[in-house]
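Report on the structure given below.
Read-outs throughout are calculated quantities, based only on the coordinates presented, and are distinct from any laboratory measurement. None of these values were measured; they are calculated from a predicted model. Quick reminder, even Gly has a Cβ in these numbers, built from the backbone with ideal geometry, and neighbours come from all protein chains shown.
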Amino acid sequence: MAFRAQQWVETEFEVLGRLWSAVASVPYPVQRRGREVMSSISAMCRWPLSAGPLPRAPREFAADLYRQLLENLTLMTAHGVVHVDLSPYNLLVWESRLYVIGLPQAVDPILNPDKLRLLERDVLNACGWLEKRGVAADASEVLAELMSLLF
């Protein structure tokens with residue numbers, strides 16, 4: 001368990017660094033500390049994009065958040081990252097900018113044999129949440145675009 005936890009920290013730190021360099025909207029990885037990755041936005045985010053203990057993201061921002069999500073998914077896929085656990089709980093907003101967080105389980109879409117299933121699950125989760133907020137989010141179209149980057 002300890003080895004697995006350390007591996008997740010290493011993976012998240014490396015993936016955040018790679019995506020930050022690619023100008024994806026992810027927190028800047030500051031340092032690894034024990035079983036956590038310290039990042040630049042951890043104390044700044046006002047609300048997650050989910051129903052939970054904090055307020056929901058306002059509906060009027062949903063279309064712009066969808067656009068930002070598509071940009072980030074495209075960058076992530078193009079730079080060899082499938083989130084694996086993309087959901088509203090791993091999307092944060094700070095000053096109208098969407099940030100993708102929670103990447104310790106991220107996988108390489110070329111090397112992982114389950115890449116298409118994992119990518120599809122990420123896309124369905126994110127698009128489903130946005131569709132509930134009135135955005136015409138076509139998960140099939142998004143998935144096809146992302147898959148074209150892989151092949």
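The distance between label points at residue 22 and residue 94 comes to 2.1 nm (points 7 Å beyond Cα on the Cα→Cβ vector). Karplus-derived 3J(HN,Hα) values for the range 121-137, using 6.51 cos²θ - 1.76 cosθ + 1.60 with θ = phi - 60°, are 4, 4, 5, 4, 4, 5, 5, x, 5, 6, 4, 5, 9, x, 8, 7, 9 Hz; glycine and proline are entered as x.
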